[in-house]
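Chemist: I have a structure here, written as structure tokens, and I will follow up with some questions on it.
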Amino acid sequence: MSCMVKICGINSEDALIAAMSAGADALGYVFFPPSPRHISLKGAKTLTQRVPNSILKVGLFVEAGDEALDNAITAGNLDVIQLHGKESPERVKEVKDRFGLKVMKAISVSTADDIENAKANYDSVADYLLFDAKPPKDSILPGGNAVSFDWTLLTGQHFKSDWMLAGGLDPDNVAGAVRISQAPWVDVSSGVEKAKGVKDARKIAHFIHAAKGY
């Protein structure tokens with residue numbers, strides 16, 4: 001058992017070093033001011049300059065306009081645009097065509113219908129599908145809420161797009177989540193933190209080792 005790992009919400013040098021040292025395959029930078037993991041354009045530029053080409057640099061956006069996307073892509077030298085709001089399939093295609101980068105679309109999941117709707121509307125339109133739990137009603141954040149969904153909903157599923165599992169993952173449950181869902185990628189943010197927006201180097205290392213079956 002092994003899969004690829006994305007550590008999201010990188011906003012400090014300590015977090016960056018911890019994730020790269022532990023073997024992360026992708027790093028996520030949150031360009032969404034309400035989030036405790038938000039990073040400025042200047043901060044993103046400083047951090048991403050240290051990332052080798054072998055590690056994907058992913059920018060997370062929530063219904064951002066073209067100017068905001070352009071500024072962040074330039075500052076962070078991004079490889080992938082993660083759309084984590086209610087962007088339509090048409091918007092996903094528009095972003096892909098305009099910026100010439102791979103696009104990841106987050107899918108909020110609570111039932112099997114959500115998986116089927118993603119297949120019907122976003123599969124093959126987005127380069128990556130990211131299956132995340134639907135946020136609690138009182139949360140202003142579309143992700144990073146430490147909430148999971150029923151991983152068996154993904155068991156045996158096949159998609160044209162590459163895909164990731166997210167939502168409530170942590171060092172203790174990620175191996176089981178990968179085994180049940182057969183996810184080729186996992187994505188974590190709050191599950192490797194010691195406080196909101198503050199990553200824990202030991203948790204990052206344990207998470208990556210568990211996900212990859214070391």
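Chemist: For the subset of segment 111-124 comprising residues that are under 19 Å from the mean Cα position of the chain (by Cα) and open to solvent by 40 Å² or more (accessible area, probe 1.4 Å), which member is nearest to Asp97 (Cα to Cα)?
Modeler: Ser124
Chemist: Sort out for me the helices (runs of 4 or more DSSP H) sitting completely within segment 1-80 that have 1 or more residues that are open to solvent by 40 Å² or more (accessible area, probe 1.4 Å) and over 22 Å from Arg202 (Cβ atoms).
Modeler: Counting at least 1 such residues, we get 41-48, 66-76.
Chemist: If the Cβ limit is 8 Å and pairs must be 6+ apart or interchain, which residue in segment 183-207 that is more than 16 Å from His38 (Cα to Cα) pairs with which residue that is of a type in the set (Asp, Glu) and in a helix (DSSP H, G or I)?
Modeler: Pairs found: Ala201/Asp14.
Chemist: Pairs under 8 Å by beta carbon, first residue at positive phi in segment 1-19, partner among the hydroxyl-bearing types (Ser, Thr, Tyr) and open to solvent by 10 Å² or more (accessible area, probe 1.4 Å), six or more apart or different chains?
Modeler: Close Cβ pairs (under 8 Å, with a partner that is among the hydroxyl-bearing types (Ser, Thr, Tyr) and open to solvent by 10 Å² or more (accessible area, probe 1.4 Å)) amount to Gly9/Ser35; Gly9/Ser189; Gly9/Ser190.
Chemist: Of everything in segment 1-15 that's of a type in the set (A, V, I, L, M, F, W, C) and either within 11 Å of Glu193 (Cβ to Cβ) or at pLDDT 95 or above (or both), which residue is nearest to the chain's Cα centre (by Cα)?
Modeler: For segment 1-15, the residue satisfying everything is Cys8.
Chemist: Here is a further query. Please go through segment 171-184 and pick out each residue that is under 18 Å from Ile7 (Cβ atoms) and in a loop (DSSP other than H, G, I, E, B).
Modeler: If the condition is that a residue be under 18 Å from Ile7 (Cβ atoms) and in a loop (DSSP other than H, G, I, E, B), then Pro171, Asp172, Asn173, Ala183, Pro184 are the ones that fit.
Conditions tested, residue by residue: (1) free of Cβ contacts under 8 Å to residues at least 40 places away in the same chain; (2) within 27 Å of Thr152 (Cα to Cα); (3) out of contact with any helix residue (DSSP H, G or I) (no Cβ under 9 Å at 6 or more places or on another chain).
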{"position": "Leu56", "(1), (2), (3)": "no, no, yes"}
{"position": "Phe61", "(1), (2), (3)": "yes, no, no"}
{"position": "Asp66", "(1), (2), (3)": "yes, no, no"}
{"position": "Ala75", "(1), (2), (3)": "yes, no, no"}
{"position": "Glu87", "(1), (2), (3)": "yes, yes, no"}
{"position": "Lys96", "(1), (2), (3)": "yes, no, yes"}
{"position": "Ile107", "(1), (2), (3)": "yes, yes, no"}
{"position": "Val125", "(1), (2), (3)": "yes, yes, no"}
{"position": "Tyr128", "(1), (2), (3)": "no, yes, yes"}
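The values are calculated or read from the model by the stated rules, or taken from the named source; none is laboratory data. All figures in this text were calculated on a predicted structure; none of them were measured in a lab. Neighbour counts are summed over all protein chains in view; Cβ atoms, including those assigned to glycine, are modelled from backbone coordinates with ideal geometry. These area figures cover heavy atoms from the full protein model, side chains too; ligands, DNA and RNA do not enter into them. Shrake-Rupley method; radii C 1.70, N 1.55, O 1.52, S 1.80 Å.
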